Amino acid sequence: MDQAPGSPQGPQDHGPEDQSPRGSGGTPVCYRHPGRETGIRCTRCDRPICPDCMVSASVGFQCPECVRGAAGTGHAPGASRPRTIAGGTVAADPRLLTKLLIVINLAVFVLVRVRPSLLGSLVLIGEWPPAPWGSTEGVAEGEWYRLITSMFTHEAVWHIAFNMLSLWWLGGPLEAALGRARFLTLYLVSGLAGGALTYLLEGPSTASLGASGAIFGLFGATAVLMRRLNYDMRPVLVLLAINLIFTFGWSNIAWQAHIGGLVAGLVMGYAMVHAPRERRTLVQYGTCAVVLGVVVVMVLLRTLQLT
């Protein structure tokens, strides 16, 4: 993401009235991204900063320039390293993984278009053909990789278009706020949770695509993050409500994947942005491990039932 150049500045005296640039609604805008309204300010220089720019500090948040300006103060290198609100390292390109995930999804979509026969090997299916003919393929037959490949598989153009727009819109801010490792963990485990719930509840011979499970996980984590930052949650809640209406009102949609991913995203997102600083990593990845453990249990239970 392009960033406006800037240099470290000390605290500014705004005088009797705050002269920070403001958006059309009168809300201050980020000094590094003038198009983004924000209610968060750097605790050192008092300039407005958006989620992509804020770095978690001992009290409040700081902008990247102030954090870099504090380097060389005698602290250990790790102590002055910029950190996100979730404790991740601030990256030069906060959307790198989001871009890579979009590329992977598009590549799989194009590959399936070129070789349609591949789709049957990538989708999530429990057992095929069903009893009593004897199973030859499916997760129950040991093809657990389908829980992963189905996360990157789309059949219709409208489906991948909607999911990739959502991934770009939600993934960038989340990746910037959580850090790359936490963001990737959230994405993958949410997708697995959606696939596992589909495998558990859907008919064993029904083939499904689990890509939307990971997207709904991002919806859940975004809602938690916006609540944590006291942002206006109405836009994301309205969009989530519209998606849930389509989920339960449109035929041929695996609602299990949407709900499984959403719940997993809410749980892991809450742990990532609310974990106490002194035990942050343990709480964050411990929660992700618990969610992944639930996924494994669901898959094992369904496999035992089918076999």
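Remarks
- Filter pass, V110 being over 30 Å from L304 (Cα atoms), out of contact with any Lys or Arg (no Cβ under 7 Å at 6 or more places or on another chain) and at pLDDT below 85: no
- Any hit, the range 93-103, residues being modelled with pLDDT of 75 or more and loosely packed, with under 13 Cβ neighbours inside 10 Å: yes
- Filter pass, V189 being over 18 Å from the mean Cα position of the chain (by Cα) and either β-branched (V, I, T) or outside the structural domain of L292 (by TED's automatic domain parsing) (or both): no
- Qualifying residue in the range 6-29 (condition: surrounded by 12 or more Cβ atoms within 10 Å (Cβ to Cβ), on the phi < 0 side of the Ramachandran plot and at pLDDT 80 or above): yes
- One residue from I253, I242 being in a helix (DSSP H, G or I) and modelled with pLDDT under 90: I242
- Sole exception among (1) crowded, with 19+ Cβ neighbours inside 10 Å; (2) more than 18 Å from L100 (Cα to Cα); (3) among the acidic types (D, E); (4) within 25 Å of the chain's Cα centre (by Cα) for E127, by number: (4)
The values are calculated or read from the model by the stated rules, or taken from the named source; none is laboratory data. Since the structure is predicted, the reported quantities are computational estimates derived from the model, not experimental observations. Note: ideal-geometry Cβ built from the backbone for every residue, glycine included; neighbour counts use all protein chains shown.
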